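Every read-out reported here was derived from the displayed coordinates using simple, explicitly stated rules and does not represent laboratory data. Note that this is a predicted model, so its numbers are computed, not measured. For neighbour counting, all protein chains shown are included, and Cβ atoms are generated from backbone atoms with ideal geometry for every residue, glycine included.
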Amino acid sequence: MKNNAIFFTAGALLMLTVGWLATPPAQQEFPNVEATVQAAIDKHVAEYHAGEQPRALGEVAAPVLLDPAPDDTIYARPDTLYPATFRWQWDGTLTPSTTFEVRIWRDGLDAVSLGAYDVRDVKVISTIAEEEAERERGTQNLIYYEGNGIYRLALNPASAEAVGYAHKTYVWSVGVVQIEPYQRISPEPAARPVNIVMAGFPTPTPVPK
């Protein structure tokens, strides 16, 4: 009887052990890593694009024009040599969807001030490495940040839509714009007169009257 009791006790323990091993452990609660990462990304994107919603004109301060000075003469050329230098000061902060628009137009003849380039093809840079990277990408217009809120653009006025043979005296200004959809979001500072001379272009043949 004693041996039978030991046998049944050992058998019971064996069955309990096998049953315990066959029972799956309680499922461990792991955090949803994918959802956590996505939430972090969404938060970063929201912070990165903060302030990019369309704003009313005037909510951003107007830049202050520096160069060219009033009535200065600059030259439009058929090549990229000796571009004119435009400089201004602005103490605000650009977002990824905003930039500067240099404008050149014929005062009194053009209905609105006209941008001198496509604002989708301009970048603001402050280092040589940034310049090299943008040149590699083929960016046409680079605005250099000089520090103390001062910006500089080297621009051939011949690229401006309003510039041509039929006129010499223009005005220029700078504004802050939202890139896409295009929207002017800063007031336009008082435009400055500037003389633009067409240099190196073939002289146009007069049209007989």
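The residues TYR151, TYR182, when put in order of fewest to most other Cβ atoms within 10 Å, stand as TYR182, TYR151.
The modelled label-to-label distance for the pair ALA61/ARG152, using points 7 Å beyond Cα in the direction of Cβ, is 2.2 nm.
Full extension of the chain between LYS123 and ASP107 gives 3.0 nm of extra length, using 0.36 nm per residue less the Cα-Cα distance. Multiplying the residue separation of ASP72 and LEU94 by 0.36 nm and subtracting their alpha-carbon distance yields 5.0 nm. By its C-alpha gyration tensor, with a ≥ b ≥ c as the square roots of the eigenvalues, how is region 64-198 shaped: rounded for a/c under 1.5, else prolate for a/b larger than b/c, else oblate? Prolate, since a/c reaches 1.5 and a/b exceeds b/c.
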